[in-house]
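Single-structure report; data block below.
The values are calculated or read from the model by the stated rules, or taken from the named source; none is laboratory data. Only a predicted model underlies this, so the values are computations on that prediction, with no experimental measurement involved. Cβ coordinates were reconstructed from backbone atoms using ideal geometry, including for glycine residues, and neighbour counts include every protein chain displayed. Ligands, DNA and RNA are excluded from the accessible area calculation, which covers all protein heavy atoms including side chains. Shrake-Rupley method; radii C 1.70, N 1.55, O 1.52, S 1.80 Å.
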Amino acid sequence: MAAPHPLLEIESLNIGFASYGQTTQVLHDVHLKVEAGQRAAVIGESGSGKSVTMKAVIGTLPHPAARVLGGSIRFDGQELLSLSRRERERLKGTDISIVHQDPLTSFNPVFTIGEHLDDVLKFADRRLGTSSDARSRRTRIEATLRQAQLKEPERVLRSYPFQLSGGMRQRVLIAMALMHRPKLLIADEPGTALDVTTQDEILRLLNQLVSEEQLTLLMVTHNLAVVRQTSDYVYVMQSGRIVEHGPVREIFTAPRMPYTQRLLEAIPPLYGPKVQHRQAHSETVVITANDVVKRFEAPRRFLEPAKAPVLAVRNASLSICKGDVFGIAGESGSGKSTIARMIVGLMPLSGGTIEIDGRSIADWRKDPAFRRRIQIVYQNPASSLNPRRTVAETLAVPLAFAGAVPKDKRAERIRELLALVELPANFASRYPHQLSGGQKQRVAIARALAVDPEIVVLDEPTSSLDVSVQKTVIDLLLGLRDRLGLTYLFISHDLSLMRNFCNRIAVMFRGEICEQGPTDTVFDDPQHPYTRALIASIPVLTDAEEQAKPQVTLEERRAVLASTIQ
Amino acid sequence: MSVETETLSPAEELSNFGRARRRLLSNPAAIIGIVIVVSIVLAAILAPYIAPYPNHAGSFVDFRHRHNAPSLEHLLGTDNVGRDILSRILFGYRVSLLLVVGVLGVAVPAGVLFGLLAGYFGGIVETGIMWLTNVMLAVPPLVMALAITAVLTPDLIHSMIAITVLWWTWHCRLVYRVVKSVVAEDFVEAARVAGASHLHILFREILPNCAAAISVKTTLDAGFVILFGASLSFLGLGVQPPTPDLGTMVAAGAQFLPEMWWEAVMPGFAVLYAILGFNLLGDGLRDMLDVEI
């Protein structure tokens, strides 16, 4: 049956946000059309207006700050913007459903999953004017959970949100959205907050559900590779405008707009001719770790029996040469950040040794001279820069303490440092909130470089940034390494980035280094089943790369992943 | 120079202070709070010049005009020895504000210091300080103050000491909680990596991030210190006559209720006015600085 009109049609939508009496327009003439049964995607970086567009469709724009300045949103031929609040509510969860990004904050922690799902169903029924009894709702809930491939639905229903893993919570969210057989399913960055292997499972599930249930999917994401996996048609958004749209294949192979081209180029390739191969610079070993162990003792609570300690790192050994970009890859909780912190001397070891330039750091790590040898750049510059201190004040700290630079020379050095990270000198007097994410991270890099260290530990330095900004920061880091002769220890979960940035790589899995070697060797011929599963889960941009990835069977995945697959 | 093309919204470009001030001035309740607090401070400072009968602040006696109801001559009436109540309230605010400055001037820095130490160093320091504050908080404040003032002679200084001993624990707990969350931020560890001393980290990195919470709490406290001081002198444990004090005046006037209602009600309203002012200002500051207390 061919529908006479598209399922969702947005025309010249203009939306503004009012604050302190002035209105800032955030959406400019947004056009968007989703046919029934289509898989469409809206892609854009943070602040591009993709979330605002979705909120306008569902009707959850912040009131009264957001104002619709014009345009129309038609769902199944019906104009949504002129509907009364009550009629609008009726569409939610029944005709249009959304899967939220953050699977933890989407739940109320004091209710069980069963209560959440039952409420959704009960009130959706009531909005539709039908009533239902608890038992029939229960049957429907269990059926939907099974559809979302959750094993043991009874146990899930009894659980509180915190008792489920991130992947399971995301599945429950998907089940919740599917409960009423919506016509349109909006997925807002599903799985983005999860590990790449879990994200891969979630995307597979979504794809499967869409084809089985003949749903219409509207995907909102910043990840182009995810778009390729889950969509047929894509809209590219930039600063509140749709800058380009077309079938996914067309946009990916021949993007017309420079913005789309930049976006595509910024994504590091996993395989193929575009991969940057990094070579080792020298054979001189600067960092060696031997059988490093880190045990975290559970804190003793009053009148409670002692708990078993957690082994965060088990017998990890590695050696890093001068000029290396050494990558430690792993998912959350794999122990990669713990190793980094031990190497920087922020944490004592529970066993084993770490030597820098052949000298054990156990007694050295409190010495200012050690601080001048090794520095760290943190993941999130919003947290690693003190909001109450200006850039100059922040940069003065390492100069005054570890560097022992006299007061009158500090201003000069701060200017040098800002120039080094390609920031204008007048940024010295700015506070962190006056800087963008990329600029903040540059300041954090400048702070690490202030005392001329030889080794810099980079703890996911780009994971909080947009891809296009990520690229400029990575280019800066590479330039600095060549100019200053630095050695990097790069901690990340982003394997496609590491593929192009590191010359050696170690993969961590549940506290152990399960595989390490030159980057090319690890990617071309991964040995450990976990490495294979991990690389196979990475979303990629082209079919050629998809085929170059190691082929992993379901059994292999199950063996190494804390899987929620039934 | 290549700087990212990310742009900042106008709201972000506006400085923190500018945004905060707008938030404060668009809050009518906060403005009322400011007006009240300023009026009280002015009244206390200018009492000898604006009080209609400045000499009534002392041991003045005029039995011809005792128990006069409010009139044009005595706007808020007179007390049992014929002193003008308005004049005595204006002078009474001097005692109240002295109490506020004395108590908070010691209790806040002490509480902040202990809270910083407990939150930053953890371990035995944390256990020791937090046990002490929890035990102190478990003692009913009025009972504690009664015990202290009963041992010492009742006067302004001693009630100040009694209230201070009780009060620092609240600030200690508040700062402790804020420090605990600030310490978890990466910038504290980053300062340690930069080789910074404990002193630098405590007072230059962490303390500025507690400033908002401390200033809101201190403002709200000012009202409660006035109330607590008035309660003590109501019980005869604070300022001694003839020094005019709001609590003592309420106690003296209460004997003549309900006929000579103004003698107790007027100083009572003066206490209420002060607390209202400090609370409105404190709430306004809290919204402006966006902190949770």
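I'm told A:Asn386 meets every condition in (1) at the interface with chain B (Cβ under 10 Å from one of its Cβ atoms); (2) at pLDDT below 90; (3) in a loop (DSSP other than H, G, I, E, B); (4) in contact with a Pro (Cβ under 8 Å, 6 or more places away or on another chain) except one. Can you identify the failing condition by its number?
(2)
Which numbered condition in (1) farther than 25 Å from B:Ile31 by Cβ; (2) in contact with a Gly (Cβ under 9 Å, 6 or more places away or on another chain) is the only one that B:Ala191 fails?
For B:Ala191, the exception is condition (2).
Would you mind finding the one in A:Val325, A:Val292 that is in contact with a Cys (Cβ under 7 Å, 6 or more places away or on another chain), crowded, with 19+ Cβ neighbours inside 10 Å and aliphatic (A, V, I, L, M)?
A:Val325
Taking the stretch B:143-202 only, how many residues are away from every other protein chain (no Cβ under 14 Å) and at positive phi?
0
Residues of the stretch A:101-155 being crowded, with 18+ Cβ neighbours inside 10 Å, out of contact with any Ser or Thr (no Cβ under 9 Å at 6 or more places or on another chain) and of a type in the set (A, V, I, L, M), which ones?
Correct list: A:Val120, A:Ile141, A:Leu145, A:Ala148.
Against the condition β-branched (Val, Ile, Thr), part of a loop (DSSP other than H, G, I, E, B) and within 11 Å of chain B (Cβ to nearest Cβ), how does A:Val469 come out, does it pass?
In short, no.
Can you say whether A:Val443 is part of a loop (DSSP other than H, G, I, E, B), touching a Leu at 6+ places or on another chain (Cβ under 8 Å) and either among the β-branched types (Val, Ile, Thr) or open to solvent by 60 Å² or more (accessible area, probe 1.4 Å) (or both), as far as the supplied structure shows?
no
When you go through (1) surrounded by 12 or more Cβ atoms within 10 Å (Cβ to Cβ); (2) under 30 Å from A:Asp482 (Cβ atoms) one by one for A:Ala369, which number turns out not to apply?
(1)
Can you find even one residue in the stretch A:226-242 that is of a type in the set (S, T, N, Q), modelled with pLDDT of 90 or more and open to solvent by 10 Å² or more (accessible area, probe 1.4 Å)?
yes
Does A:Arg388 fit the bill of being out of contact with any strand residue (DSSP E or B) (no Cβ under 8 Å at 6 or more places or on another chain), over 18 Å from A:Tyr431 (Cα atoms) and open to solvent by 20 Å² or more (accessible area, probe 1.4 Å)?
Working: out of contact with any strand residue (DSSP E or B) (no Cβ under 8 Å at 6 or more places or on another chain): yes; over 18 Å from A:Tyr431 (Cα atoms): no; open to solvent by 20 Å² or more (accessible area, probe 1.4 Å): yes.
It is false that A:Arg388 is out of contact with any strand residue (DSSP E or B) (no Cβ under 8 Å at 6 or more places or on another chain), over 18 Å from A:Tyr431 (Cα atoms) and open to solvent by 20 Å² or more (accessible area, probe 1.4 Å).
Select from the stretch A:428-440 the residues that are at the interface with another protein chain (Cβ under 8 Å from one of its Cβ atoms), without any contact (Cβ under 8 Å) to a residue 40 or more places away in the chain and open to solvent by 10 Å² or more (accessible area, probe 1.4 Å) and list them in ascending order.
Hits for the stretch A:428-440 are A:Gln434, A:Gln439.
So how many residues does the stretch A:389-407 have that are more than 10 Å from chain B (Cβ to nearest Cβ), over 22 Å from B:Val183 (Cβ atoms), in a loop (DSSP other than H, G, I, E, B) and out of contact with any Leu (no Cβ under 8 Å at 6 or more places or on another chain)?
Step one: filter the stretch A:389-407 for residues more than 10 Å from chain B (Cβ to nearest Cβ), giving A:390-392, A:405-407.
Right, trim to over 22 Å from B:Val183 (Cβ atoms) and you get A:391-392, A:405-407.
Cutting the leftovers down to in a loop (DSSP other than H, G, I, E, B) gives us A:405-406.
Within this subset, residues satisfying the condition of being out of contact with any Leu (no Cβ under 8 Å at 6 or more places or on another chain) are A:406.
Residues flagged as more than 10 Å from chain B (Cβ to nearest Cβ), over 22 Å from B:Val183 (Cβ atoms), in a loop (DSSP other than H, G, I, E, B) and out of contact with any Leu (no Cβ under 8 Å at 6 or more places or on another chain) within the stretch A:389-407 amount to 1.
Considering only the stretch A:476-566, give the strands (runs of 3 or more DSSP E) lying wholly within it that have at least 2 residues that are open to solvent by 50 Å² or more (accessible area, probe 1.4 Å).
Passing ranges, in order: A:512-518.
What residue, among those in the stretch A:446-463 that are open to solvent by 10 Å² or more (accessible area, probe 1.4 Å) and in contact with a Gly (Cβ under 9 Å, 6 or more places away or on another chain), is farthest from A:Ala392 (Cα to Cα)?
Once the filter is applied, the top-ranked residue is A:Glu454.
Would you check if A:Thr462 is among the polar types (S, T, N, Q) and modelled with pLDDT under 90?
So A:Thr462 passes the test.
Looking only at the stretch A:408-423, decide whether some residue is facing another protein chain (nearest Cβ under 8 Å), among the charged types (D, E, K, R) and surrounded by fewer than 21 Cβ atoms within 10 Å (Cβ to Cβ).
Yes: one or more hits.
What are the pairs with Cβ atoms under 6 angstrom where one residue, in the stretch B:220-243, is on the phi < 0 side of the Ramachandran plot and the other, located anywhere, is among the polar types (S, T, N, Q) and in a loop (DSSP other than H, G, I, E, B)? Sequence gap at least six, or different chains.
B:Pro242/B:Ser59
Just checking, how many residues over the stretch B:163-181 are over 20 Å from the mean Cα position of the chain (by Cα) and either outside any helix (DSSP H, G or I) or surrounded by fewer than 21 Cβ atoms within 10 Å (Cβ to Cβ) (or both)?
Total meeting the criteria: 3.
Table: residues versus (1) on the phi > 0 side of the Ramachandran plot; (2) out of contact with any helix residue (DSSP H, G or I) (no Cβ under 8 Å at 6 or more places or on another chain); (3) in contact (Cβ under 8 Å) with a residue 60 or more places away in the chain; (4) among the charged types (D, E, K, R).
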{"position": "A:Phe401", "(1), (2), (3), (4)": "no, no, no, no"}
{"position": "A:Pro406", "(1), (2), (3), (4)": "no, yes, no, no"}
{"position": "A:Leu418", "(1), (2), (3), (4)": "no, no, no, no"}
{"position": "A:Asn426", "(1), (2), (3), (4)": "no, yes, no, no"}
{"position": "A:Leu458", "(1), (2), (3), (4)": "no, no, yes, no"}
{"position": "A:Ser464", "(1), (2), (3), (4)": "no, no, yes, no"}
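Exactly one of (1) open to solvent by less than 60 Å² (accessible area, probe 1.4 Å); (2) touching a Gly at 6+ places or on another chain (Cβ under 7 Å) is unmet by A:Phe401. Its number?
(1)
I'm told A:Ser48 meets every condition in (1) within 26 Å of the chain's Cα centre (by Cα); (2) over 21 Å from A:Ala225 (Cβ atoms); (3) among the polar types (S, T, N, Q) except one. Can you identify the failing condition by its number?
Status for A:Ser48: all satisfied but (2).
Scanning the stretch A:34-66 for residues that are over 21 Å from A:Val99 (Cβ atoms) and surrounded by 16 or more Cβ atoms within 10 Å (Cβ to Cβ), which turns out nearest to the other protein chains (Cβ to nearest Cβ)? Even if it seems obvious, please write down each step before you answer.
First, the residues of the stretch A:34-66 that are over 21 Å from A:Val99 (Cβ atoms): A:47, A:63-66.
Those left that are additionally surrounded by 16 or more Cβ atoms within 10 Å (Cβ to Cβ): A:47, A:66.
Details: A:Gly47: 8, A:Ala66: 14 Å.
The selected residue is A:Gly47.
Tell me the helices (runs of 4 or more DSSP H) entirely within the stretch A:92-197 that contain at least 3 residues that are closer than 30 Å to A:Val42 by Cβ.
Qualifying helices (runs of 4 or more DSSP H): A:113-127, A:134-147, A:166-178.
Of the residues A:Arg249, A:Arg300, A:Arg295, A:Arg278, which is among the basic types (Lys, Arg) and within 30 Å of A:Ala41 (Cα to Cα)?
A:Arg249
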